[in-house]
Amino acid sequence: MDPASLPLRDIHQPPAPPFWPPAPGWWLLALAVLALLAAFWWWRRREARRRAAIARLFDSAVDAAPTPAAELAAISELLRRAARR
């Protein structure tokens, strides 16, 4: 066969990978990011509740004191307890 008579074709690139659905690694990354966001939200909520409970404890201890000296003693006790923690 004569090489000049062979039909030559251009080289075609394969089609680009589709945008959707993403590869499994992207799904795992999305799940990890969502899990981190949920853990951060849970931690912040827990800290806010803990701080509110400490504030309620402080306020109730100071409000229960009948005299200014007793208020100072209650504040001192609460500060010492907080320092030990």
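Structure notes:
- If the condition is being of a type outside the set (V, I, T) and either open to solvent by less than 100 Å² (accessible area, probe 1.4 Å) or touching a strand residue (DSSP E or B) at 6+ places or on another chain (Cβ under 8 Å) (or both), then region 51-67 contributes A52, A53, A55, L57, F58, D59, S60, A61, A64, A65.
- Any hit, region 3-24, residues being assigned to a helix (DSSP H, G or I) and surrounded by 10 or more Cβ atoms within 10 Å (Cβ to Cβ): no
- Exactly one residue among W27, W42 is closer than 28 Å to A83 by Cα, open to solvent by 100 Å² or more (accessible area, probe 1.4 Å) and modelled with pLDDT of 95 or more, and that residue is W42.
- Looking across region 71-83, the residues that are at pLDDT 90 or above and open to solvent by less than 70 Å² (accessible area, probe 1.4 Å) come down to A73, S76.
The values are calculated or read from the model by the stated rules, or taken from the named source; none is laboratory data. Predicted, not measured: the structure shown is a model, and the values here were computed from it. No Cβ is skipped: glycine too gets one built from the backbone with ideal geometry, and neighbour counts run over all protein chains shown. Keep in mind that these areas ignore ligands, DNA and RNA; they rest on the heavy atoms of the full protein, side chains included. Shrake-Rupley method; radii C 1.70, N 1.55, O 1.52, S 1.80 Å.
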